[in-house]
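> Below is the structure I would like to discuss, written out as structure tokens.
The values are calculated or read from the model by the stated rules, or taken from the named source; none is laboratory data. All figures in this text were calculated on a predicted structure; none of them were measured in a lab. Here Cβ is always computed from backbone atoms with ideal geometry, including for glycine, and neighbour counts include all displayed protein chains.
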Amino acid sequence: MRIAFYAPMKPVSSPVPSGDRQMARNLIAALGCGHKVDIASEFVSRDGIGDPATQRALAQGAQEEARVLIENWQRGNSERRPDAWFTYHVYHKAPDWIGPAVSEALEIPYFLAEVSHAPKQAGGPWDIGYRAAESAIKHGLGIIGLSQRDAACVQPLLEDPGRYHTLPPFTDTTPFALAAKNRIKHRADIVGRFQVDGNTPILLAVGMMRDGDKLASYRVLAEALGRLQNSEWALLIVGDGPARLPVEAAFADLASNRIRFAGGVMPEELPALYAAADLMVWPAVNEAYGMAMLEAQATGLPVVAGETGGVPDFVRHGETGLLCLVGDVGAFATATAELLVAPNRRSVFSKKALARTASENDITSAAVTLDRILRGAVELGAV
């Protein structure tokens, strides 16, 4: 099939690091294993502040974008006409007005991945976006969830609950597994680059620096580490963004020789950083699933995280890492301290994380699952 791919929340082509954007790229790569994938549009439908006027303007812009695409495929560029439409990440703040219109006009199946439905948004500041997202979900021939958390709210919208499928978050585990085989080299490189003691456990945090949930996670982390001043550790923080100053302020009371800010890095640099560290620490406030934590696990890096969203789907408590109640500073500090002094346990977690991600979260198996879902839905839907 030729698949038109669309991510309404964040343009896939943007160079700005983002776990959500990386998941979109992973989906394109997985779909591309058996199909031809084109990015159909980079129209951004997100309204982050809840302004009805903005949502009405976005809806109009999306409708015009859909009209142009439909006209192009119906009258002109027929050789690139898609056989299916696939939209990634739809919710009330970033609905899809384009995919349903195009798929209906071209009479092609419409698929969605990573959707959420929050009835509490009805009648609120995002009501327009909420109703558009709800309509798109109902329109979908196949809905693919990347975690179990959204199924309960999404399935009641579907005439046939069998249209909902679960696909574990995934990545190409190859570069991460390769980095794991070169831990000693990567450790030496990072120790030299950031001037940390190679004999001290190195903690790693990877996350965008922006207001809201990300900043909240950084603040929980800083407070938790503040309770571990008598323990041996150094923290490497990877990430950047508009909340850089508040993030730095959160760690200001910790000894400066413990904290290193790496800034934003390119995705290809991350495997070496994961491999060099001893433990990933991320409170995961309202995290959907957390690509960085999945990548860390694919490198065999144990994780201490908040138990939220899809995180427990791949960070297995007591097996590949430790999970805590989200926002519980004391519990997060205790779990981190527990693994700081247990290198043998971290080693066991590391081996299990490598094995599990290779077997359950690799792009190869995801490609097979996606192909089965798409072809099966088309056959059953008689599109």
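> Failed condition for A152, given (1) under 26 Å from L370 (Cβ atoms); (2) buried (at least 19 other Cβ atoms within 10 Å of the Cβ), with all others met?
Condition (2) is where A152 drops out.
> Just to be sure before I move on: is R183 under 25 Å from S359 (Cα atoms) and out of contact with any Lys or Arg (no Cβ under 9 Å at 6 or more places or on another chain) in the structure I sent? Write out each step before concluding.
Working: under 25 Å from S359 (Cα atoms): yes; out of contact with any Lys or Arg (no Cβ under 9 Å at 6 or more places or on another chain): yes.
Spelling it out, R183 is indeed under 25 Å from S359 (Cα atoms) and out of contact with any Lys or Arg (no Cβ under 9 Å at 6 or more places or on another chain).
> Residue under question is A255, and the condition is that it be part of a loop (DSSP other than H, G, I, E, B) and of a type in the set (A, V, I, L, M, F, W, C); does it hold?
Values: part of a loop (DSSP other than H, G, I, E, B): yes; of a type in the set (A, V, I, L, M, F, W, C): yes.
Judged against the criteria, A255 is a match.
> For region 221-232, which residues satisfy the criterion of being touching a helix residue (DSSP H, G or I) at 6+ places or on another chain (Cβ under 6 Å) and not charged (D, E, K, R)? Give the steps one after another, and end with the answer.
Narrowing region 221-232 to residues touching a helix residue (DSSP H, G or I) at 6+ places or on another chain (Cβ under 6 Å): 222-224, 227-228, 231.
Matches in region 221-232: A222, A224, L228, S231.
> Given the conditions (1) buried (at least 16 other Cβ atoms within 10 Å of the Cβ); (2) hydrophobic (A, V, I, L, M, F, W, C); (3) modelled with pLDDT under 95, and given that A353 satisfies all but one, which numbered condition is not satisfied?
That leaves (3) as the condition not met.
> In region 57-74, which residues are in contact with a Pro (Cβ under 9 Å, 6 or more places away or on another chain) and among the small types (G, A, S)?
Scanning region 57-74 gives A59, A62, A66.
> Quick one: count up the residues across region 193-230 that are in contact with an Asp or Glu (Cβ under 8 Å, 6 or more places away or on another chain) and part of a loop (DSSP other than H, G, I, E, B).
4
> Here are some conditions: (1) β-branched (V, I, T); (2) crowded, with 22+ Cβ neighbours inside 10 Å; (3) more than 25 Å from G241 (Cα to Cα). V90 meets all but one. Which one does it not meet?
Checking V90 against (1) β-branched (V, I, T); (2) crowded, with 22+ Cβ neighbours inside 10 Å; (3) more than 25 Å from G241 (Cα to Cα), the one that fails is (3).
> Something else about it: Test each condition in (1) touching a strand residue (DSSP E or B) at 6+ places or on another chain (Cβ under 6 Å); (2) in contact (Cβ under 8 Å) with a residue 24 or more places away in the chain; (3) on the phi < 0 side of the Ramachandran plot for A284 and report the one that comes out false.
If we test A284 against (1) touching a strand residue (DSSP E or B) at 6+ places or on another chain (Cβ under 6 Å); (2) in contact (Cβ under 8 Å) with a residue 24 or more places away in the chain; (3) on the phi < 0 side of the Ramachandran plot, just (3) comes out false.
> Another one. Go through (1) in contact (Cβ under 8 Å) with a residue 24 or more places away in the chain; (2) out of contact with any helix residue (DSSP H, G or I) (no Cβ under 6 Å at 6 or more places or on another chain) and name the single condition D160 misses.
(1)
> Taking helices (runs of 4 or more DSSP H) that fall entirely within region 275-383, which contain at least 1 residues that are touching a Leu at 6+ places or on another chain (Cβ under 6 Å), within 30 Å of L158 (Cβ to Cβ) and not assigned by TED's automatic domain parsing to the domain that holds M208? Write out each step before concluding.
Numbers: elements: 291-298, 329-340, 343-360, 363-381.
Result: 363-381.
> To continue, here is another question. Taking the conditions exactly as written (of a type in the set (A, V, I, L, M, F, W, C) and either within 26 Å of F194 (Cα to Cα) or crowded, with 18+ Cβ neighbours inside 10 Å (or both)), does L270 satisfy them or not?
Working: of a type in the set (A, V, I, L, M, F, W, C): yes; either within 26 Å of F194 (Cα to Cα) or crowded, with 18+ Cβ neighbours inside 10 Å (or both): yes.
So L270 fits the description; yes.
> Determine if region 99-113 includes at least one residue that is assigned by TED's automatic domain parsing to the domain that holds G140, farther than 22 Å from L374 by Cβ and in a helix (DSSP H, G or I).
First, pick out the residues of region 99-113 that are assigned by TED's automatic domain parsing to the domain that holds G140: 99-113.
Retained after the next criterion (residues that are farther than 22 Å from L374 by Cβ): none.
Within region 99-113 (the criterion being assigned by TED's automatic domain parsing to the domain that holds G140, farther than 22 Å from L374 by Cβ and in a helix (DSSP H, G or I)), the answer is no, since none of the residues qualifies.
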